[in-house]
Amino acid sequence: MRKIIVLEHVSIDGVIQAPGGQDEDTSDGFAYGGWSAPYANEVVGTLVRRQMNMPFDLLLGRKTYEVWAPYWPKHADVWPNANKATKYVASNTMTAGEWQPSVILSGDIAEKIAQIKQQQGPDLHVWGSGDLVQTLFKHDLVDMFWLIVYPITLGSGKRLFADGTIPAAFKVTESTVAPNGVIVVSYERAGAIATGSY
């Protein structure tokens, strides 16, 4: 069974909108596009490159796909695996994708993703794709988080846990703190929530 891994750049107040560029996503008047750039450092860069070089397929929302499709084919030297990966795109408006190989998922997207998880193949990496991530949460389809947490609050913008999630416990499988305070942390599902008293 394939795992779904949500990989996100996230502020400490949970914002995931437009970390990579000023014009990446200005919806709802978001004015802080590119907020992660000032925190770039070699520690985080090494961990991101390692993640980028793992075997994976991509599971993307339409908006993220539309930003990435014209970019990554021209930057294959930076991330060759992105071009080789199958791109599963959740969209009820697209009929085909220019960035091949692409598979458009429409209709009952959660059910189709659940079926893809059951197939043989590499894990499914979800970068960005805020609306899709909310659908995955609602249908309990996320197996792991790989988060880059930045020491910044943004106050507004699309949030990782915007609409809530299915209650679940996680365990930290890896964590690194960069000298500038950026935390890279991996969380893996660890069963049901345990409760108790002090």
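Read-outs throughout are calculated quantities, based only on the coordinates presented, and are distinct from any laboratory measurement. Bear in mind the structure is a predicted one, so any value in this text is a computation, not a measurement. Backbone-built Cβ (ideal geometry, glycine too); neighbour counts: all protein chains shown.
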Cα→Cβ-extended label distance, 7 Å offset, between Lys84 and Ala162, nm: 3.3 nm
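What ranking of Leu147, Leu59 emerges when the number of other C-beta atoms within 10 Å of each C-beta is taken as an exposure proxy, fewest first?
Numbers: Leu147 19, Leu59 31.
Starting with the residue having the fewest Cβ neighbours, the order is Leu147, Leu59.
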15 Å cut-off, amide nitrogen to a point 7 angstrom out along Arg50 Cα→Cβ, residues in region 164-195: 173-179, 183-187
Cβ-placed point charges (K, R +1; D, E -1), dipole of the chain about Cα centre in debye, nearest 20: 380 debye
DSSP bridge pairs, the chain: antiparallel proportion in percent, nearest 5: 40 percent
Long pairs among Lys3/Lys87; Lys3/Lys158; Lys3/Lys138, criterion Cα-Cα beyond 21 Å: Lys3/Lys158
Reachable aspartates and glutamates, given that their alpha-carbon falls under 20 Å from the alpha-carbon of Lys112 and they are not under 8 places away in the same chain: Asp57, Asp123, Asp131, Asp140, Asp143
For region 53-64, 3J(HN,Hα) per residue [Karplus equation, 6.51 cos²θ - 1.76 cosθ + 1.60, θ = phi - 60°, Hz, x = Gly/Pro]: 8, 6, x, 6, 10, 9, 10, 10, x, 4, 5, 5
Packing rank of 47-53, 74-80, where each peptide gets the mean count of other beta carbons within 10 Å, highest leading: 47-53, 74-80
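Which order results if Phe161, Phe56 are arranged by neighbouring Cβ count within 10 Å, fewest first? Before the final figure, lay out each step's value.
Numbers: Phe161 12, Phe56 23.
Arranged by neighbour count, lowest to highest, Phe161, Phe56 become Phe161, Phe56.
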Cut-off under 5 Å, modelled amide H: who pairs with Thr86 long-range: Leu58
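Quick one: net charge of Asp13's neighbours, Cβ under 15 Å, K/R +1, D/E -1? If you can, show how the numbers build up before the last one.
Details: positive: Lys158, Arg159; negative: Glu8.
Taking every other residue near Asp13 into account, the sum is +1.
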Under 9 Å, Cβ to Cβ, from Val67 - net charge with Lys/Arg +1 and Asp/Glu -1: -2
Under 14 Å, Cβ to Cβ, from Thr176 - net charge with Lys/Arg +1 and Asp/Glu -1: 0
Full-extension gain in nm, Ala114 to Ala169, via 0.36 nm per residue minus C-alpha separation: 17.8 nm
Point-to-point label distance, His75-Asn180, nm (Cα→Cβ direction, 7 Å offset): 1.6 nm
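Please state the relative contact order of the chain as a whole percent: Cα pairs under 8 Å, 6+ residues apart? Intermediate values should be presented prior to the final figure.
Numbers: 378 pairs, mean separation 60.8, N = 198.
Taking the mean separation of contacting Cα pairs over the length of the chain, I get 31 percent.
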Between region 141-165 and region 1-57, the Cα center-to-center distance that results, in Å: 10 Å
